[in-house]
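See structure below.
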Amino acid sequence: MHQSIGIPAALLAALSLIGTDMTAAQPPAQTPVSSSATTGAQQQRPAQSDVPEQTSTLSTQTGVAVTIYNQNLALIKDRRRLTLPAGRVDLAYRDVSARMRPETALLRDTAGAGDFTVLEQNFDFDLLTPNKLLEKYVGREVGIVRTHPTTGEETEERATVLAASDGVVLRIGHGDEQRIETSRGGELPGRIVYRDIPSNLRDRPTLVLALDTASAAERELELSYLSGGLSWEADYVGELAADETALDLTGWVTLTNQSGTAYPDAKLQLVAGEVNVAAEPQADMMMMQAMPRAVAAPQMREERLFEYHLYTLERPTTIADNQTKQVSLLDAPGVAVAKELLIRGNPGSYRGARGQLSEEMTVSVFLTLTNDAASNLGMPLPAGTVRIYKRDAAGNAQFVGEDRIDHTPKNETLRLQLGESFDVTAERKQTAFDKRSGTGPWQYEFDSAYEIRIKNAKPEPQPVTVQERIPGDWRILEESAPHEVGNANMAVWRLTVPAEGETVLTYRVRVRL
């Protein structure tokens, strides 16, 4: 809704002064200056209105390279060919990333010519919208076009925009005929007509570089900068063989571009590893989207880079704005895997008597594989999610679980936790507890006895691993099956549970705490 308010003449005069001074009262836009700017920025140069502006669009682009890091960070190298005049010129580099970090921008001549100087640079990311345009016109005149509700005749009045932050405040008319009209909720008193667009309000993200060139010449310039809004992660899809001893593994790189611009026919490289980046005042939060998967041959070459790994796509690719796309990373059929059913105990039960009550234990399902050439892998694997499928009796692939892996070097073992067993169950109870001695830390000594009953409802025997984390100094006194020492505080039993049967593990342990 909008309102028209009758204002006394004295107050109208005061408002007139406020409206006139608004533009002057606004501080100039604070724009970052590149570290490449030189003392030439302090030299005498033409007034801003006298300096020509030359626009560079994607049509002048000769190449673009995009290197994306794991931390929602990318290095952009944007090459464009254009002719610059001699002297002072403002070069408007359009279609740069809206998430550009302008303090990292660097412009260079690819031919090595050093006859131009970057005086200053301004990153215009305040993009053209109706609201932004109205805000930029605070203190300036616009036209208000109204349509007569019955005749359809249009009339135009001149108005000064006094405010545009929470609704709109307009001063309409002159002299004694002046009035103030307001509107809220987005409703305007008519159609607003603007005479021009402010120079710092652009329809695309633009870096404006003030250049001083020694001579007119055609040049190939490369603008490099760091940007947010580009991210990648690895996704892996594995199909488990019927006998569950082999896995056909396919790896994909999932790219997401929310940087505000496209990168046509880009040379794409990905860096896997944790590159240190100084903390930003505000963290970037990005949402990853899912993409359907297809089978394709690997298209990425891997190499070491410092303490990281670099993956290079062997062909150009277009990374469109607001797009998630996938590129094949690896294709490894017949990877040897082993299934493991794992039971983990509770270390807290060794500190006191728990009675004869049984507690259910989770039987977790893991797949293990080794990232080496013998397993048809042997490629450093970027961190990501591994999703496993297995075909049912009708030949349809069914999802059986997923797990996330960290960056995994060659020759390392991967353990994927896929879920919990349905047919293999376990329960545990403490059968005896005796406090032998102690009145303080490292003087307490306990003897505890336990029974772990494992049942198997499957028609074939099942290997099961039991891991018990035992605190303090410990020693197994009695056991129904031999144990291994996993590490300083872990006892491991490897058992086989018969088909449609059960296995009972019993042991007694002495613990000093």
Subject >> Candidate set: segment 448-478, residues that are farther than 22 Å from E360 by Cβ and surrounded by 15 or more Cβ atoms within 10 Å (Cβ to Cβ); chosen: the one nearest to the chain's Cα centre (by Cα) >> reply: G472
Original post:
Do you know which of the residues in segment 296-335 that are under 23 Å from L369 (Cα atoms) and of a type in the set (A, V, I, L, M, F, W, C) is surrounded by the fewest Cβ atoms within 10 Å (Cβ to Cβ)?
Top reply: A297
**OP:** From (1) of a type in the set (S, T, N, Q); (2) more than 41 Å from the chain's Cα centre (by Cα); (3) assigned by TED's automatic domain parsing to the domain that holds A210, pick out the condition that doesn't hold for T147.
**Re:** (3)
Original post:
Out of all the residues in segment 155-172, is one or more farther than 20 Å from Y194 by Cβ and not aromatic (F, W, Y)?
Top reply: yes
Original post:
Being part of a strand (DSSP E or B), buried (at least 19 other Cβ atoms within 10 Å of the Cβ) and basic (K, R), is that true of even one residue in segment 75-95?
Top reply: yes
Subject >> Hits in segment 487-510 (condition: crowded, with 18+ Cβ neighbours inside 10 Å and modelled with pLDDT under 90) >> reply: none
Original post:
Quick one: which of G260, G238 is out of contact with any Cys (no Cβ under 9 Å at 6 or more places or on another chain), not in a strand (DSSP E or B) and not assigned by TED's automatic domain parsing to the domain that holds L133?
Top reply: G260
Subject >> Odd one out for V275 among (1) at pLDDT 90 or above; (2) aliphatic (A, V, I, L, M); (3) out of contact with any Asp or Glu (no Cβ under 7 Å at 6 or more places or on another chain) >> reply: (1)
**OP:** For segment 222-231, indicate whether the set of residues that are at pLDDT 95 or above and either of a type in the set (F, W, Y) or in contact with a Pro (Cβ under 9 Å, 6 or more places away or on another chain) (or both) is non-empty.
**Re:** yes
**OP:** Test E340 against the criterion of being under 20 Å from N411 (Cβ atoms) and of a type outside the set (V, I, T), and give yes or no.
**Re:** yes
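The values are calculated or read from the model by the stated rules, or taken from the named source; none is laboratory data. Just so you know, these numbers come straight off a predicted model, no measurement behind them. So basically every Cβ, Gly included, is an ideal-geometry build from the backbone, and we count neighbours across all protein chains shown.
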